[in-house]
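Worksheet for the structure shown next.
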Amino acid sequence: MAVPLPLPRLLRSAPLVRRLRTLPTPDLLIGCAVIALGTLEAFTVAADYGAAETPELWWIGQALVTGLLIWFRRKAPVAVFILMILAQYVWHRQGYEACQTWQLASLLIVFHTVGAELSLKRGLAWATAGILVFDSGAVDHRWLPFDEVIFLTVVFGAAYLTGLAVHAYAARARRLAEHAERVERDRERRAAEAVAEERTRIARELHDVVAHSVSMMVMQAGVLRRTGSGDGEALLGIERMGREAVEELRVMLGALRMPLDEAIPQPGLDMLAGMVGTLASSGLSVALDVTGEPVRLAPGLDLSAYRIAQEALTNAVKHAGESDIRITLSYLPDRLEIEVVDGGGTAAPELSAGLSTGNGLIGMRERAELFGGGFEAGPCPGGGFRVHASLPIRQEVLAGGRAG
């Protein structure tokens with residue numbers, strides 16, 4: 001057998017009570033004001049409106065019903081609109097010719113609500129129907145004089161138009177809020193894309209910096225281990241490569257802590273000769289050829305050209321063993337061509353194991369395509385491997401000076 005709930009708890013759990021809590025507080029205050037005004041008129045001026053005497057107590061019940069309708073007007077605007085007109089019809093059927101102040105105020109409020117809560121088409125239809133009902137005398141049971149028709153049309157029409165203005169303002173506010181939300185989502189998406197792009201760029205730079213230097217160090221250390229010699233030049237090369245790797249990492253990590261608008265020195269093709277000399281001093285057969293008249297490149301293009309040559313040389317050293325490696329820079333009127341060719345051969349497995357990240361060719365291709373250039377890599381017909389990149393040079397950024 002179910003135990004009945006205590007009355008206060010039962011009331012708090014009733015669906016009607018929960019729904020009443022969702023009604024706007026201003027509507028409750030307006031409804032209470034209507035009830036208070038109706039009660040006041042019932043006790044003070046009932047006879048002035050045609051009542052037999054003052055007070056007229058049943059007016060209080062009518063004011064209470066009207067106040068409740070005003071409270072619910074946003075939940076059911078059409079139903080409240082119809083009920084208010086019917087209540088006014090009942091009022092005039094009691095023999096009263098003039099409506100009370102709180103009744104007129106309540107009618108203006110529901111006309112306003114029709115304009116504010118309904119769509120333009122529905123609201124205009126209901127407001128027009130209500131005005132015609134009043135102007136035709138159907139509510140008053142008499143023919144209305146022309147000036148009274150004009151008065152009712154103006155006041156009820158004005159009330160509807162104020163509601164329509166509120167409706168338009170609310171619709172515009174919703175559109176602006178939705179637009180602001182879309183803008184915020186787009187901003188967050190662009191920020192996420194920028195972060196992802198920056199992470200990719202940093203990963204590529206770290207790969208280019210570390211892979212080359214560490215590959216050279218491992219290569220030279222492997223040579224020393226196999227030969228069992230303590231070649232001072234080879235040891236010096238290892239030390240130099242390690243210092244360069246540490247220095248470049250220090251600069252790059254320092255750049256990550258700097259404001260984005262502060263420029264930092266970036267490597268370029270003028271450093272390529274020094275890198276080739278370091279490799280040659282360690283016993284590798286590496287040669288650099290420069291054809292055409294070197295020009296000063298834009299910083300971003302210069303960095304990308306250097307990284308492409310560096311990565312291609314790193315791959316050649318890792319996979320070509322002790323075969324000849326040739327780097328060719330060709331400065332043409334409208335483009336720079338970079339070619340790295342090795343003679344083939346196989347490096348010792350312990351030298352190349354774990355050095356390749358799988359991102360070298362992809363990174364070189366991305367750098368070339370970033371500037372509208374072309375990239376190709378593949379085996380040579382007679383053996384070996386060839387990497388070729390073509391980078392367009394914009395004439396307006398050229399300036400005199402050698403690339404080194």
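The values are calculated or read from the model by the stated rules, or taken from the named source; none is laboratory data. Quick caveat: nothing in here was measured; it's all calculated off a predicted structure. Ideal geometry is used to build each Cβ from the backbone, glycine not excepted, and the neighbour counts take in all protein chains shown. Heads up: the accessible areas ignore ligands, DNA and RNA and are worked out on the full protein's heavy atoms, side chains in. Shrake-Rupley method; radii C 1.70, N 1.55, O 1.52, S 1.80 Å.
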By average Cβ neighbour count within 10 Å, what is the ranking of 137-146, 325-334 from highest down?
325-334, 137-146
Backbone N within the stretch 140-162 under 11 Å of label point (7 Å from TYR89 Cα along the Cβ vector):
140-141
With labels modelled as points extended 7 Å from the Cα through the Cβ direction, what inter-label distance (nm, one decimal) is found for ALA52 paired with ARG172?
5.5
Across the stretch 363-374, in residue order, what do the Karplus-derived ³J(HN,Hα) couplings come to in whole Hz, using 6.51 cos²θ - 1.76 cosθ + 1.60 with θ = phi - 60° and x for Gly and Pro?
x, 5, 5, 4, 5, 5, 5, 4, 9, x, x, x
Enumerate the calculated ³J(HN,Hα) couplings along the stretch 148-158 in order (Karplus 6.51 cos²θ - 1.76 cosθ + 1.60, θ = phi - 60°), each rounded to whole Hz, writing x wherever the residue is Gly or Pro.
6, 4, 4, 4, 4, 5, 5, 5, 6, x, 5
Please work out whether the stretch 63-115 counts as rounded, prolate or oblate from its C-alpha gyration tensor, where a ≥ b ≥ c are the square roots of the eigenvalues and a/c under 1.5 means rounded, while otherwise a/b larger than b/c means prolate and anything else oblate?
prolate
Amide H within-cut-off set for ASP324, under 5 Å, with H built and near neighbours excluded:
GLY343
Run the quick spin-label model on GLU181 and VAL65: label points 7 Å from Cα toward the beta carbon, then report their separation in nm to one decimal.
4.1
Lys and Arg at +1, Asp and Glu at -1: add these up for the other residues within a Cβ distance under 15 Å of PRO145 and post the number.
-4
Would you mind computing, in nm to one decimal, how far apart the modelled labels at ALA36 and LEU120 are, each placed 7 Å from Cα along Cα→Cβ?
3.9
Semi-axes, largest first, in whole Å: what does sqrt of 5 times each Cα gyration tensor eigenvalue give for the stretch 284-323?
24, 14, 5
Accessible solvent surface per residue of the stretch 25-146, calculated while the other protein chains remain in place, 1.4 angstrom probe, Å²
51
Just how much of CYS32 is accessible, in Å², when a 1.4 Å probe is used and the result is rounded to the nearest 10?
70
Among the stretch 106-129, those whose backbone N falls under 15 Å of a label point 7 Å along Cα→Cβ from THR153 are 128-129
How do 168-180, 63-75, 93-105 rank on mean C-beta neighbours within 10 Å, highest first?
63-75, 93-105, 168-180
Computed lengthening from GLU293 to ASP324, 0.36 nm per intervening residue step minus Cα-Cα distance
8.6 nm
